[in-house]
Amino acid sequence: HKGQIVGHCLGFIVTDPPILKIWQYGLFQELSVTAKYRRHGIGEKLVKNMLEWFAKLGLERIEVRASLQNELSTVFWRKMGFKPYAETFYCEI
């Protein structure tokens, strides 16, 4: 916006062993929009552009990892059509 970066999106292709049913997929690694510019469609546009790029590469599955404690993030990704399919367990040592 007026020469300033107000958001960014980083995605890449993940390649797992071909023994898996889906062994190659797109992954959203990062997506952020400066607080002042949220709710202006910038995040949606960034996601749409990345999805188009993934589609051009022939990918059919796209994933994103979001913390369940980050309600802003999880609400956004659900709005973009993503749905949960796995739960991550962890421990601190």
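The values are calculated or read from the model by the stated rules, or taken from the named source; none is laboratory data. Since the model is a prediction, treat every value here as computed from it, not as a measurement. Every residue, glycine among them, receives a Cβ derived from its backbone with ideal geometry; neighbour counts consider all protein chains shown. Ligands, DNA and RNA are excluded from the accessible area calculation, which covers all protein heavy atoms including side chains. Shrake-Rupley method; radii C 1.70, N 1.55, O 1.52, S 1.80 Å.
Can you confirm whether the range 8-16 contains a residue that is in contact with a strand residue (DSSP E or B) (Cβ under 9 Å, 6 or more places away or on another chain), among the small types (Gly, Ala, Ser) and surrounded by 10 or more Cβ atoms within 10 Å (Cβ to Cβ)?
yes
Which condition number in (1) small (Gly, Ala, Ser); (2) within 14 Å of the chain's Cα centre (by Cα); (3) more than 16 Å from Leu31 (Cα to Cα) is the one that Gly58 fails?
Single failed check for Gly58: (2).
Inside the range 40-49, can you point out the residues that are closer than 22 Å to Ser67 by Cβ and open to solvent by 30 Å² or more (accessible area, probe 1.4 Å)?
So in the range 40-49, the residues closer than 22 Å to Ser67 by Cβ come out as 42-44, 46-47.
Within the range 40-49, Ile42, Glu44, Leu46 meet the criteria.
Can you tell me which residue within the range 17-39, out of those that are touching a strand residue (DSSP E or B) at 6+ places or on another chain (Cβ under 8 Å) and over 23 Å from Ser67 (Cβ atoms), is least open to solvent (accessible area, probe 1.4 Å)? Please lay out each step first, then the result.
The first filter runs over the range 17-39 and keeps only residues touching a strand residue (DSSP E or B) at 6+ places or on another chain (Cβ under 8 Å), leaving 23-34, 37.
When the remaining residues are screened for being over 23 Å from Ser67 (Cβ atoms), the result is 23-24.
Working: Trp23: 106, Gln24: 72 Å².
The qualifying residue least open to solvent (accessible area, probe 1.4 Å) is Gln24.
Hey, which of the strands (runs of 3 or more DSSP E) in the chain, taking only ones fully inside, have at least 1 residues that are among the polar types (S, T, N, Q)? So that I can check it myself, show each step before the final result.
Numbers: elements: 7-15, 24-33, 62-64.
Here the list reads 7-15, 24-33.
Among the candidates Glu52, Glu87, single out the residue that is open to solvent by 100 Å² or more (accessible area, probe 1.4 Å) and free of Cβ contacts under 8 Å to residues at least 24 places away in the same chain. Spell out the reasoning first.
On the way: Glu52 fails: open to solvent by 100 Å² or more (accessible area, probe 1.4 Å).
Matching residue, one of Glu52, Glu87: Glu87.
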